[in-house]
Amino acid sequence: MIRLAERTYEEAARLARDPKAVIVFPLGAIEEHGPHLPLLVDWLGAEELAGVIAPYLRRAGWHPVLVPSMPYGASPLAEDWPGTVSLSTGTLRQAVGEIIRGLARHGFRRFVLTNYQADPGHLRAMALIKRSAEKGGRVQVLFAGFAPGPSNAAMVNPRITALLRSPRPDQEWHSGELETAMVLAVRPGLVRRAIARRLPPAWVDVKRALAAGRTTFRKMNPKGRGYFGWPAAARAETGRAALKLRARLISQDLISELQAWRPARRANRKARG
């Protein structure tokens with residue numbers, strides 16, 4: 001994949017003029033992921049998604065251009081856990097929005113934000129980023145991974161949950177079997193395996209807890225250790241299979257939307273006589 005930060009300004013100018021260029025921008029988060037996973041799980045997941053969708057985009061005739069990822073996100077659910085750095089929704093919106101505007105100023109028109117962070121505060125920021133960037137019709141912003149609204153089918157597809165060993169796949173969420181499996185697949189040395197093997201299941205209906213107004217992980221499970229699901233069930237092969245399947249499903253939707261979109265024509269500002 002082309003890495004924009006490794007190019008000269010002249011090379012960047014040529015890329016920006018390419019109508020098939022697609023900026024791929026991973027959005028991360030630094031937050032607690034239980035006693036067995038590091039703080040960078042969502043950042044790692046976003047960068048992995050960027051890597052696995054790129055071949056699909058290339059085969060469809062697009063030219064993915066990777067920009068440096070944003071490591072910090074909005075993590076209000078986990079902000080009272082040590083190590084978590086949670087930007088406000090407004091700060092995240094402003095920072096990412098300015099990066100998109102800076103790139104668009106030089107000609108880039110298509111953006112894919114890859115994201116592995118499902119905190120509602122983070123997703124609200126993403127929705128605002130898209131709405132602001134697309135105003136005027138000159139820029140397209142798409143999402144790969146967790147996204148605001150109903151567009152998460154590829155991340156929660158029944159074929160994904162069917163890969164799990166967990167007896168309650170609907171309650172495998174933050175730092176549970178699937179996230180632990182992802183890290184085992186791509187950065188196994190980061191998993192505290194001895195700890196993970198000893199962790200009992202933590203069955204919490206996170207969606208119901210959110211609907212009931214429980215605004216932090218501690219409120220959802222006051223005696224818990226910051227994970228939801230069964231980390232001990234995780235296997236690297238599960239993480240590899242899930243990532244591969246998600247890449248295929250996500251890319252199908254992305255390619256369709258990229259092909260359908262056309263930028264609005266620039267308004268003629270010359271005075272008419």
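The values are calculated or read from the model by the stated rules, or taken from the named source; none is laboratory data. Nothing here was measured: the structure is a model prediction, and the numbers come from that model. Heads up, the Cβs are rebuilt from the backbone with ideal geometry, glycines too, and the neighbour counts pull from every protein chain shown. Each accessible area value is taken on the protein alone, full model and side chains, heavy atoms only, with ligands, DNA and RNA left out. Shrake-Rupley method; radii C 1.70, N 1.55, O 1.52, S 1.80 Å.
A few comments on the model shown:
- Residue check: ALA153 meets all listed conditions (1) small (Gly, Ala, Ser); (2) touching a Leu at 6+ places or on another chain (Cβ under 6 Å); (3) part of a loop (DSSP other than H, G, I, E, B) but one, namely (2).
- Qualifying residue in region 90-113 (condition: farther than 29 Å from TYR9 by Cα, open to solvent by less than 40 Å² (accessible area, probe 1.4 Å) and touching a residue at least 24 places away in the same chain (Cβ under 8 Å)): no
- Residue match in region 23-42 (condition: in a helix (DSSP H, G or I) and open to solvent by 30 Å² or more (accessible area, probe 1.4 Å)): no
- Region 202-249, residues that are closer than 19 Å to ILE160 by Cβ, buried (at least 17 other Cβ atoms within 10 Å of the Cβ) and of a type outside the set (A, V, I, L, M, F, W, C): TYR227, GLY229, PRO231, THR238, GLY239, ARG246
- Cβ-Cβ distances below 6 Å connect the following pairs, each with a first residue in region 1-26 that is in contact (Cβ under 8 Å) with a residue 24 or more places away in the chain, a second residue that is among the charged types (D, E, K, R), and a separation of six or more residues or different chains: VAL22/ARG110; PRO26/GLU47.
- Some residue of region 170-179 being in contact with a Ser or Thr (Cβ under 9 Å, 6 or more places away or on another chain), at pLDDT below 95, within 26 Å of ASP253 (Cβ to Cβ) and assigned to a helix (DSSP H, G or I): yes
- Qualifying residue in region 31-44 (condition: over 30 Å from ALA194 (Cα atoms) and within 14 Å of the chain's Cα centre (by Cα)): no
- Long-range neighbours under 7 Å by Cβ, at least six apart or interchain, first residue over 15 Å from ARG168 (Cβ atoms) within region 200-225, second open to solvent by 90 Å² or more (accessible area, probe 1.4 Å): MET220/ARG214
- Members of region 128-156 that are of a type in the set (Ser, Thr, Tyr) and within 15 Å of the chain's Cα centre (by Cα): SER151
- Any hit, region 67-80, residues being under 22 Å from ALA234 (Cβ atoms), of a type in the set (A, V, I, L, M, F, W, C) and surrounded by 15 or more Cβ atoms within 10 Å (Cβ to Cβ): yes
- ARG131 meets all of the listed conditions (1) closer than 24 Å to THR84 by Cβ; (2) free of Cβ contacts under 8 Å to residues at least 60 places away in the same chain; (3) open to solvent by 10 Å² or more (accessible area, probe 1.4 Å); (4) out of contact with any strand residue (DSSP E or B) (no Cβ under 7 Å at 6 or more places or on another chain) but one, namely (1).
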